[in-house]
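Contents: one structure, followed by commentary.
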Amino acid sequence: MNKSNIMLICASPRHKGTSAMLLERVQVVTGGKIFFLPQRGSLDELVLAMQKAGTIIISGPCYINTYPARLIELLELASIKGNFSGQKLYGIINGGMPYIHTHQHGLICLKLFAEQNHLSWQGGFVLGIGAMLDGKPLEKHMNRKRIVPAFDKFIRNIVEGVQSPNSLYEEAQPPPGKLTTRIFTKFLTFLVVNNLKKYGHDPEAPNYYLRKQEEDKINGSH
Ligand SMILES: Cc1cc2nc3c(=O)[nH]c(=O)nc-3n(C[C@H](O)[C@H](O)[C@H](O)COP(=O)(O)O)c2cc1C
């Protein structure tokens, strides 16, 4: 790995969030500059920097089961511009849910982008329960005993310029069991119900579409 040639892209609009924290953890070891994805305006300069980089590491949050749309836009623009020649690409994605499979699509996007544009896909790291960290160090993660060594091994793979296997993050984050899932969903429902009440809504009330359906029935329309 050529340290001067490393590019770190943060795909979260939150500069002090979990994606940025993970990227800074990588940067401490690898060096390189962090680029925050601009939320508006041209992405041309970023694509130019990507074309010049030797290794690119992208870290972003999971928004509805994949990376945020602005990152997808960057990948699309980079595909149109082309001009890549073997840049090594690593990805990191973190989501709120304690699962891997719901966030993994982000890495699949990067893999396809790399394969179709002459970059070298080197693997990635999926982190669940990233929202609870909210930018705090990885050592505060509920599952830190497994996550910290796995993520640090991922960083070593970047430094050595080798492929990072999915098994690294998969083995560190077994899916929660049935009981934990039940408790977790009850807790999330409790939070939603409390918030609805806090803002003066009735949690038992039918939603807009059901109400509309009833109104339409009464009015005789479909
Ligand atoms: C618009 C939006 C969509 C989200 N969608 C998901 C999702 O589909 N699955 C999930 O686990 N977390 C989802 N989250 C939670 C974020 O992935 C989570 O808070 C993450 O830690 C944010 O990373 P950041 O601190 O780097 O911004 C969503 C958050 C937002 C704001």
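The values are calculated or read from the model by the stated rules, or taken from the named source; none is laboratory data. Given the structure is predicted, the values throughout are model-derived calculations rather than measurements. Don't worry about glycine lacking a Cβ; one is built from the backbone with ideal geometry, like all the others, and counts go over all protein chains shown.
Some notes on this structure:
- Verdict on ALA49 being hydrophobic (A, V, I, L, M, F, W, C), closer than 14 Å to LEU89 by Cβ and away from the ligand (no atom under 16 Å from the Cβ): yes
- Top-ranked residue in the stretch 1-22 [being farther than 23 Å from SER79 by Cβ and modelled with pLDDT of 95 or more; ranked as nearest to the ligand (Cβ to nearest atom)]: GLY17
- Positions within the stretch 32-50 being in a loop (DSSP other than H, G, I, E, B) and either of a type in the set (S, T, N, Q) or touching a strand residue (DSSP E or B) at 6+ places or on another chain (Cβ under 6 Å) (or both), in sequence order: GLY32, GLN39, SER42
- For the stretch 132-140, the criterion of being free of Cβ contacts under 8 Å to residues at least 12 places away in the same chain, within 16 Å of the ligand (Cβ to nearest atom) and over 15 Å from the mean Cα position of the chain (by Cα) is met by at least one residue.
- Flag for ILE108 being surrounded by fewer than 22 Cβ atoms within 10 Å (Cβ to Cβ), farther than 26 Å from LEU188 by Cα, under 12 Å from the mean Cα position of the chain (by Cα) and in the same structural domain as PRO137 (by TED's automatic domain parsing): yes
- Residue count for the stretch 77-110, restricted to those that are β-branched (Val, Ile, Thr) and in a loop (DSSP other than H, G, I, E, B): 2
- Criterion (of a type outside the set (Asp, Glu), exposed (fewer than 11 other Cβ atoms within 10 Å of the Cβ) and within 22 Å of HIS103 (Cα to Cα)) met by exactly one of LYS178, LYS217, LYS198: LYS178
- For the stretch 145-162, the count of residues that are among the charged types (D, E, K, R), surrounded by 11 or more Cβ atoms within 10 Å (Cβ to Cβ) and either within 16 Å of the ligand (Cβ to nearest atom) or not assigned by TED's automatic domain parsing to the domain that holds ASN94 (or both) is zero.
- Exactly one residue out of GLY123, GLY86, GLY91, GLY95 is within 15 Å of the ligand (Cβ to nearest atom) and closer than 14 Å to VAL162 by Cα: that is GLY91.
- Filtered by the rule that a residue be part of a loop (DSSP other than H, G, I, E, B) and more than 16 Å from the ligand (Cβ to nearest atom), the stretch 52-76 gives ALA53, GLY54.
- Selection within the stretch 17-31 - assigned to a helix (DSSP H, G or I) and touching a residue at least 12 places away in the same chain (Cβ under 8 Å): THR18, SER19, ALA20, MET21, LEU22, LEU23, ARG25, VAL26, GLN27, VAL29, THR30
- Search result, residues across the stretch 23-41 that are surrounded by fewer than 14 Cβ atoms within 10 Å (Cβ to Cβ) and either on the phi > 0 side of the Ramachandran plot or near the ligand (Cβ under 9 Å from one of its atoms) (or both): GLY41
- Screening the stretch 160-171 for residues that are in contact with a Lys or Arg (Cβ under 9 Å, 6 or more places away or on another chain) and in a helix (DSSP H, G or I) and picking the one that is farthest from ILE108 (Cα to Cα) gives GLU171.
- Residue list for the stretch 55-106, restricted to those being closer than 18 Å to GLY41 by Cβ and charged (D, E, K, R): ARG70, GLU73, GLU76, LYS81
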